[in-house]
Amino acid sequence: MKKNIKINLFLIALFISTVMFLFVNKLTTPRVLSASELLSNGFYMLQEPKPISDFELFTSGDKPFTKTDLYGKWTVMYFGFSRCPDECPTTMFELKKLFNVLDEKNYKLNDKQWVLVTIDPERDSPEDIDNYAKGFNKNFIGVRGERPMLLSLGTQLAINNMMPNHNDHSNKHLDNHVNNIILIDPEANLYGYFRPPFDTSRLSLTYQSITSIN
């Protein structure tokens with residue numbers, strides 16, 4: 001009799017533990033959004049991920065950053081520049097807040113990376129843009145490439161304001177640029193775009209929905 005009671009108590013405890021685990025897991029697991037829900041929250045997902053051709057950019061110390069560095073990680077990529085007066089710092093601050101929200105939730109970040117690509121290589125050195133990116137978060141990476149390489153990559157990712165104004169050496173035409181935030185999947189494919197205006201809560205919701213199931 002006592003043995004049966006112990007077995008029953010054990011089974012009840014196991015059942016309660018299982019229910020609690022499933023409940024907590026449901027609360028902490030990001031909800032998977034449909035394509036229409038993602039779009040309504042500012043993220044456009046391509047019907048089929050688009051392969052990206054080889055490229056070579058450089059970060060501090062002239063360390064190469066190439067397509068190989070995209071494999072195995074979800075990459076958030078933004079095109080801006082260190083002297084940008086408005087759009088870049090605003091967007092980079094949103095990405096900083098997004099990173100902090102994910103970090104506070106103990107969201108898996110070791111297979112994620114955050115890359116800022118300068119659209120002003122005439123004035124930004126690899127050190128300039130990397131230091132600028134790390135000013136928002138030490139984990140961010142800033143990279144620079146030669147103009148032809150940037151144009152090739154930017155065209156593939158549908159980036160605006162990539163061409164220099166040869167009649168304006170100050171490049172003031174870049175000051176009010178507005179670009180999407182690019183999301184690249186761990187197979188080095190363009191997966192989709194976060195469209196402005198950017199909002200931390202919406203970025204967090206969509207980012208977790210996508211990267212938690214793929």
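Miscellaneous remarks
- Within the stretch 68-90, being at pLDDT 95 or above and in contact with a Phe, Trp or Tyr (Cβ under 6 Å, 6 or more places away or on another chain) holds for one residue alone: V76.
- Of everything in the stretch 179-191 that is part of a strand (DSSP E or B) and out of contact with any helix residue (DSSP H, G or I) (no Cβ under 8 Å at 6 or more places or on another chain), the residue that is farthest from L116 (Cα to Cα) is N189.
- Some residue of the stretch 86-98 being in contact with a His (Cβ under 9 Å, 6 or more places away or on another chain), in contact (Cβ under 8 Å) with a residue 40 or more places away in the chain, surrounded by 17 or more Cβ atoms within 10 Å (Cβ to Cβ) and among the charged types (D, E, K, R): yes
- When the stretch 192-214 is filtered for residues that are under 13 Å from A158 (Cα atoms) and surrounded by 22 or more Cβ atoms within 10 Å (Cβ to Cβ), the ones remaining, listed by number, are G192, F194.
- From the options Y132, Y78, residue that is under 24 Å from F198 (Cβ atoms) and outside any helix (DSSP H, G or I): Y78
- Among the residues of the stretch 33-75, those that are part of a helix (DSSP H, G or I) and either under 25 Å from A133 (Cα atoms) or of a type in the set (D, E, K, R) (or both) comprise E37, S60, G61, D62, K67, T68, D69, L70.
The values are calculated or read from the model by the stated rules, or taken from the named source; none is laboratory data. Keep in mind the model is a prediction, meaning the values are calculated, not measured. Positions of Cβ are backbone-derived with ideal geometry, glycine not excepted, and every protein chain shown enters the neighbour counts.
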